[in-house]
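Notes for the one structure printed next.
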Amino acid sequence: MAIIFFVSLIIFLIMPRTSWACMTILVGKKASATGEVLVGHNEDAPGRFTMQTHLVKKKRRPHGTKIKFEPNLEEIELFDTRTNLFWAEAKTLSENYSDSAFCDFYVNGYGVVICSNNCADSKEDNPELLNGGIGYGLRRLVAEKARSAKDALEIACNLVEKYGYASSGRSYAFSDKEEIYVMQIVHGKHYAIARVPDDEVAVIPNHYTIREPEKKSRGYENLISYAKERGWYKESDGAFDFARVYQAENSFGLEKNTYRHVKAFEILLDMDLSGLLKTEWQPLPFSIKPAKKVDIDMLKKILRAHNENLYHFDKPIGICNFETLESTIAQIRHNPDRIILRKALGRPCCSPYIAWYFGINSVPKDYEEKDAETSLREHFLTTPEDMEEKDNAWDRALKICAECEAHHDDENFELKKKIYALEEKIENKLKTLDPQIELRLRSEPRIARAMMDAALLQWTKEFEQLGVRS
């Protein structure tokens, strides 16, 4: 066991620290086979991390309470009230705090899902920032307060306009049971906004994907006037294309992003698009109508997609790659308690998607080392001791991934067969369990939540028992 963990740790530590490769698939409700908004997201980051899962309870605070998230950024005033949250936390060593400032995945008690993607570098070299600006605080405050995707967008706009954004380029997806908004932010106080059409799917790798921002959206006119002022755009260039105008030349059309973007489109459209990779790259459409309704299995297929060599370290990197920390598929329902989060720890090709209901009462003990309040206070204070091997779900996933890596070309590898067998068992159980939970939530919510807890405990226990060879 120790040898396998050591090998997996070395693999994570030798990764280059400049290649963030997160991926998000946003499915409008009319493009979805379930008739629900679906969000698929791979959280990728370089180096040694630990992944923790928390349930955060509602809270009222004294008016004017402030917190300093990252040590070098502005102290942020918190909202007086906080709704309950499902929080997937990515932690790394405190000296690498900027790596963990942009990773976490949130779902809140109003049914709003928040995730983000690095968009490489923007052209902005003179950002307007208030004492360093805002970074991690943006997603946290949006998660604590937003009552809808549109409300999340408004909160985010307010924060960016007040503080300025600390990252060079980033894309946020705000989703609820009805709609999805994407906000792509430039270093400082400029951003583009687009809504994902209900019958389409948006794919976001690590570059800007909004080409034509919504003309009536907040910040639109300022976005264009600033680009003209900087000499990045003029009317004679034709229609304003945000992705082309604001993406830095050295991060425009990078192979690692283009490949994954095209790969996702190939699966969604069910066609060979490899020819797009052999020509000078042009920004792809912000969203497309899929060849057929997108179901959970298709999202899993996309999030598990590799490059043609079927190996995580080969280039160009695939959607599932050597930096993938966790994969999540959110199935957003009208009752937030019935939102299902299918979570695969580590690389999803080496880990089962386990179904978590938002309405659970507690997190299985080996998925959460510290309580949610302590974790928030210490998110940027991680020590080497925190990174040491532990008998928990995250390090178990590392060992399983390392074992699968060693047998990546063996289709009959027994451990991998067990992983997919467990996942199939979970999906089959959901077919009967989900209707029962829906019925119970209407009349006996305590029993419904107990059913959620029991199912999750059983599935995580079976994951624990998969085991690896020493």
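Since every read-out is calculated from the coordinates, none of them should be taken as a lab result. None of these values were measured; they are calculated from a predicted model. Cβ atoms come from the backbone with ideal geometry, glycine included; neighbour counts cover every protein chain shown.
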Checklist entry - How would you classify segment 69-109 from its alpha-carbon gyration tensor, with a ≥ b ≥ c the square roots of the eigenvalues: rounded for a/c under 1.5, else prolate if a/b is greater than b/c, otherwise oblate? => result oblate
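Shape call for segment 273-390 from the C-alpha gyration tensor, a ≥ b ≥ c root eigenvalues: rounded (a/c under 1.5), prolate (a/b greater than b/c) or oblate?
Numbers: a/c = 2.29, a/b = 1.45, b/c = 1.58.
Verdict is oblate for segment 273-390.
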Checklist entry - Cα centroids of segment 214-251 and segment 311-337: how far apart, whole angstrom? => result 31 Å
Checklist entry - Counting other Cβ atoms within 10 Å, which chymotrypsin sites (Phe, Trp or Tyr not before Pro) in segment 165-252 have at most 12 and lie in a DSSP loop? => result none
Checklist entry - Between Asp237 and Lys30, what length comes free when the chain is fully extended (0.36 nm per residue of separation minus the Cα-Cα distance, one decimal in nm)? => result 71.0 nm
Next on the checklist: If you filter segment 256-316 for GluC sites (Glu not before Pro), then keep DSSP loop positions with at most 10 other Cβ within 10 Å, what is left?
Outcome noted: Glu280
Checklist entry - Tell me, what is a quarter of the convex hull surface for the C-alpha atoms of the chain, in nm² with one decimal? => result 21.3 nm²
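Lys and Arg at +1, Asp and Glu at -1: add these up for the other residues within a Cβ distance under 11 Å of Gln184 and post the number. Write out the running numbers ahead of the final one.
Numbers: positive: Arg170, Arg211; negative: none.
Around Gln184, the charge tally is +2.
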Item to check | Cysteines in the chain lacking a second Cys C-beta under 4.7 Å | outcome: Cys22, Cys103, Cys115, Cys119, Cys157, Cys320, Cys349
Checklist entry - Given only helices, namely DSSP H runs of n ≥ 4 each adding -39500 (n - 2.57), what is the per-residue ellipticity at 222 nm of the chain, to the nearest 500 deg cm²/dmol? => result -10000 deg cm²/dmol
Checklist outcome for this item: Taking a ≥ b ≥ c as the square roots of the eigenvalues of the Cα gyration tensor, with a/c under 1.5 meaning rounded and otherwise prolate when a/b exceeds b/c and oblate if not, segment 318-377 is oblate
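Once you have the Cα-Cα distance between Asp386 and Leu457, take 0.36 nm times their residue separation minus that, and quote the gain in nm to one decimal.
Working: separation 71, 0.36 × 71 = 25.56 nm, distance 2.46 nm.
Additional length available on full extension: 23.1 nm.
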Item to check | Reference-scaled alpha-carbon Rg (2.2 N^0.38 Å with N residues) for segment 353-426 | outcome: 1.41
Next on the checklist: If you take every DSSP beta bridge fully contained in segment 2-464, what fraction is antiparallel? Give it as a percent rounded to 5.
Outcome noted: 95 percent
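Let's test the formula: R0 of 60 Å, r as the Cβ-Cβ distance of Asp314 and Asn222. What FRET efficiency results, to the nearest 0.05?
Here the calculated transfer efficiency is 0.90.
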